[in-house]
Amino acid sequence: MSQKVCIIGGATTPFDYGATGFESIEGGAAECVKETQQDVPEFSLRDLDLMIYSHFSVHFGHQLAPEWIIHDHLGLVGLPHYRVENGGNTGGSALYAAALAVMSGHHNVVGVVGWETMDSVSQSQGSEFIAMASDIRYELMVGGIYPIYYAAMANKWMKDNKVTEEDVALIAAKNKNNAMDNPKAQWYRNDHKYITVDDVMNSRLISYPIKKLDCCLMSRGVAFLLVCSEDYAKKVNPDHYVTIDGVGLSSCTIRAGDRLNNPGWNERYGPGYPEMTEFAACRNSAEQAYKMADIKDPPKDIDFGEIHDAFSTSEAQIYKALGLANENTIAKFIRDERTSMYGDIPMNPGGGLLGYGHPVGATGIMSTIECYYQLAGMIPKKHLSKKTEVPDPQCGIVNSHAGTGTSISNFILRRK
Amino acid sequence: MMKSFLVTKNKDKFADPPKFNERKDYRPADVKETGLSFVGHEISEDRTVINQFLHYDQLYTIRHGWNSRFFIGLLDGKIMGTRCPKCGDSWVPVRTHCWNLNCKLQKTEWVEMPLTAKVHTWTIAGWSGRSSLKRLPIILVYASIGTSKVAMANELHGINPWDVEFGMPLKIVFKPKEQRVGAVIDFHFEPVDFWKPSPMNEEKQRIKDLVTPVYEWVKTLK
Ligand SMILES: [Zn+2]
């Protein structure tokens, strides 16, 4: 019964904080579907047999079950629909659900709409809302916001792996500069400048070792992705479809401090892992996806990726969790700029969360769309130049990440 | 009549509800539950776009249930942990059932922890949520308390931000009794009395340079 899962199209609204031009969520979703219809004229909304909605927090949306507004607006009454919520990994989890739906053979054409409207509240209030996904009984009001928890994890990780502030600043500059080639990216639309390692090093302290330019952006944005069976892909978009060859989803503790001595991880990976430093759920879900997609040597078999760089430090930690480098090679892996557009495994050519933006429910969908564009040869059409086009890519990885590493998914996409 | 009869009947079947005989309300005078209300709007010059301001103010009741002894412990100046009688693992923050799958969700027992801890990792926050801005810079540490198998986040006071170290020994200090609210903000960490900072080095200087503007910025907050 199990059938191959494909992606045949998708689009995002511009990501921004404040006005984007598509002020309503249902209006934004409609524009994303229309852009997809222009790319795939044979696709009709009538072909959909399931809609999955990807949205993190109704605190930002001031509306319970807001997916009902979008679904109704798209004219899809009668079609089954539900919402997936899984923190920062909401988009990845929605994609996981869509992939399973098609894989099962029960559905053939699944639309995924993701969004967040984080500019409904002030930035500092927004940070506190996100912090409510920490364990508020034990963590709210002590330090209080996610960058601080990430900084505490990264500080020890960087020392254990001999990675410096300058090393991770390279990653921050890379992603924001990649975003300068992407007209929908928030960094392009607002800050609009190329930056250097020194700019990152000199930006204001958020939480040591993380500075302002090491952090992603709070955003408003909507994204739409079209997931389907191979039969349907061959029918409506035979020249520009990609296959999802591997999927993986894993979990870790809500409080980062509870990862020490955790019997669940001791059992899988032996004592002393993941410490408070490694993203075990990333390693675990990557292993699942690699096995399914027959990836034996990740840095060789994977050509590029769109990964969850909420902080430059997390991108570095993710490299290691994905098996691209180990504790002895990670610092050199970063310094050799192997993940830049000139490197052998470019990461976040679309700008990532640091450059494109991070409207939580739309983020994992955005990463998947950028990965799809690369594999389907659509970058010259979607970006401003070929500077951010990966040369002749065959295989890409999409990574979506939640909490303090509490839920993480990985997907292997291949060109068809 | 029928309805109230049924309610009484159902109540007889279950355990007695707790009788709450100590109640404190320390919310600031300006915090009021007004529910949902439209409180304003703005319209663009060309009158094509409107933003509306919706105010929503809600009091939540966090029912701590089986975790309650930890939070009541804070009011009494104690750190209460839990311990599994089967495998011996213990925790702060507490678990009411063991995390070890072999223990088959064994109910744990309460243990009072010593007021000592050890730094596992740390960071210096120069930015935070709205309610914490005036306390910046904040040293946040994850520290293991007593025999706890896990680390707990809280602030470290009584030390320059650049002097914090991995593995440093800490004591737990509670706020004066009348200021406690039964939440983790009732206590913080401080270095133990015999602890002395190591000499200035390159990293400490870097941290000092990063936090200096934070001190200046906080002075400008009203
Ligand atoms: Zn046990």
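Rounded to the nearest 500, the helix-only mean residue ellipticity at 222 nm of the protein assembly as shown stands at -9000 deg cm²/dmol, with each DSSP H run of n ≥ 4 adding -39,500 (n - 2.57). Within the listed set B:K208, B:K118, B:K19, the Gaussian network model of chain B (springs between alpha-carbon atoms below 10 Å) gives the highest mean-square fluctuation for B:K19. With a sphere of radius 9 Å drawn around the Cβ of A:P274, what net charge do the other residues whose Cβ falls strictly inside it have (Lys, Arg +1; Asp, Glu -1)? Taking every Cβ under 9 Å from that of A:P274, the sum is 0. Would you check region B:64-217 for Lys pairs whose C-alpha atoms are within less than 12 Å, ignoring same-chain pairs closer than 8 in sequence, and give me the count? Eligible lysine pairs with Cα atoms under 12 Å apart amount to 6.
Cross-link pairs exceeding 32 Å between alpha carbons, from the set A:K176/A:K234; A:K176/A:K416; A:K162/A:K184: A:K176/A:K234; A:K162/A:K184. For region A:265-359, what D do you get in µm² per second when you plug the Kirkwood radius from alpha-carbon pairs into Stokes-Einstein at 37 °C and 0.692 mPa s? Estimated via Stokes-Einstein, D reaches 233 µm²/s. Across peptide B:115-126, the mean count of Cβ atoms from other chains lying within 10 Å of each residue's own Cβ comes to 6.
Under a model in which nothing but the beta-carbon of Lys, Arg (+1) and Asp, Glu (-1) is charged, the protein assembly as shown shows a dipole of about 1840 debye around its Cα centre.
For every other residue with a beta carbon closer than 13 angstrom to the beta carbon of A:R204, add +1 if it is Lys or Arg and -1 if Asp or Glu, then tell me the sum.
-2
Counting Cβ atoms of other protein chains within 10 Å of each residue's Cβ and taking the mean over peptide B:150-160 gives 4.
Taking Cα centre as origin and charging only the Cβ of basic (Lys, Arg, +1) and acidic (Asp, Glu, -1) residues, the dipole magnitude of region A:188-232 rounds to 400 debye.
Quick one: grab the alpha carbon gyration tensor of chain A, order the square roots of its eigenvalues as a ≥ b ≥ c, and give me rounded if a/c is under 1.5, else prolate or oblate depending on whether a/b is larger than b/c.
Since a/c stays below 1.5, the shape of chain A is classed as rounded.
When the Cα positions of A:I52, A:A172, A:H71 are compared along the charge dipole of chain A, A:A172 comes out farthest toward the positive end, with charges on each C-beta of Lys, Arg, Asp and Glu. Remark: region B:129-142, residue by residue, has Karplus-estimated 3J(HN,Hα) of x, 2, 7, 10, 4, 6, 8, 5, x, 10, 8, 9, 10, 9 Hz, where x stands for each Gly or Pro and the curve is 6.51 cos²θ - 1.76 cosθ + 1.60 at θ = phi - 60°.
Distance from the alpha carbon centroid of region A:378-416 to that of region B:133-202 works out to 41 angstrom. Sites listed here are GluC sites (Glu not before Pro) in region B:25-127 whose DSSP assignment is loop and whose Cβ has at most 12 other Cβ atoms within 10 Å: B:E33, B:E45. Let me make sure I get this right: for region A:140-291, a, b and c are the square roots of the gyration tensor eigenvalues over alpha carbons, sorted descending. Under 1.5 in a/c it's rounded, otherwise prolate if a/b > b/c, else oblate. Which is it? Oblate, because a/c is 1.5 or more while a/b does not exceed b/c.
Whenever you get a sec, compute what percent of the accessible area on chain B sits on carbon and sulfur atoms (1.4 Å probe).
Carbon-and-sulfur percentage of accessible area, whole number: 55.
Inter-label distance, A:D336 to B:V181: 5.2 nm, where each label sits 7 Å from its Cα along the C-beta direction. Placing unit charges on each Cβ (+1 for Lys and Arg, -1 for Asp and Glu) gives region B:64-217 a dipole about its Cα centre, and among B:P137, B:W217, B:L101 the Cα reaching farthest toward its positive end belongs to B:L101. Near A:K234, once Lys and Arg are set to +1 and Asp and Glu to -1 for all other residues with Cβ below 12 Å from its Cβ, the sum equals -1. For region B:134-166, chymotrypsin sites (Phe, Trp or Tyr not before Pro) are listed when DSSP marks them as loop and at most 16 other Cβ atoms sit within 10 Å of their Cβ; the list is B:F166.
Anisotropy class assigned to region B:73-114 is prolate, per the alpha carbon gyration tensor with a/c at or over the 1.5 cut-off and a/b larger than b/c. Rounded to whole numbers, the Karplus 3J(HN,Hα) couplings from phi for region A:300-305 are 8, 6, 9, 8, 6, x Hz, using 6.51 cos²θ - 1.76 cosθ + 1.60 with θ = phi - 60°, and x at Gly and Pro. Exactly which chymotrypsin sites (Phe, Trp or Tyr not before Pro) in region A:1-104 are in a DSSP loop and have at most 14 other Cβ atoms within 10 Å? Sparse-neighbourhood loop chymotrypsin sites (Phe, Trp or Tyr not before Pro): none present.
Here region B:188-215 is scanned for amide nitrogen atoms under 12 Å from the site 7 Å beyond the Cα of B:T116 along Cα-to-Cβ, giving B:192-194.
Each label was represented as a point 7 Å from its Cα along the Cα-to-Cβ direction; for B:D25 and B:Q52 these points are 3.1 nm apart. Here region A:1-153 is assigned +1 on the Cβ of each Lys and Arg and -1 on the Cβ of each Asp and Glu. Its dipole about the Cα centre then comes out at about 380 debye.
Less than 5 angstrom separates the built amide H of A:I145 from those of B:G129, all sequence-distant by 5 or more or on a different chain. Remark on A:G246: its backbone amide H falls under 5 Å from those of A:I412, a criterion applied only to residues 5 or more positions apart or on other chains, H modelled at 1.01 Å from N.
The values are calculated or read from the model by the stated rules, or taken from the named source; none is laboratory data. No experiment lies behind these values; they were computed from the predicted model shown. Reconstructed Cβ throughout: ideal geometry from the backbone, glycine too, with neighbour counts over all protein chains shown. Ligands, DNA and RNA are excluded from the accessible area calculation, which covers all protein heavy atoms including side chains. Shrake-Rupley method; radii C 1.70, N 1.55, O 1.52, S 1.80 Å.
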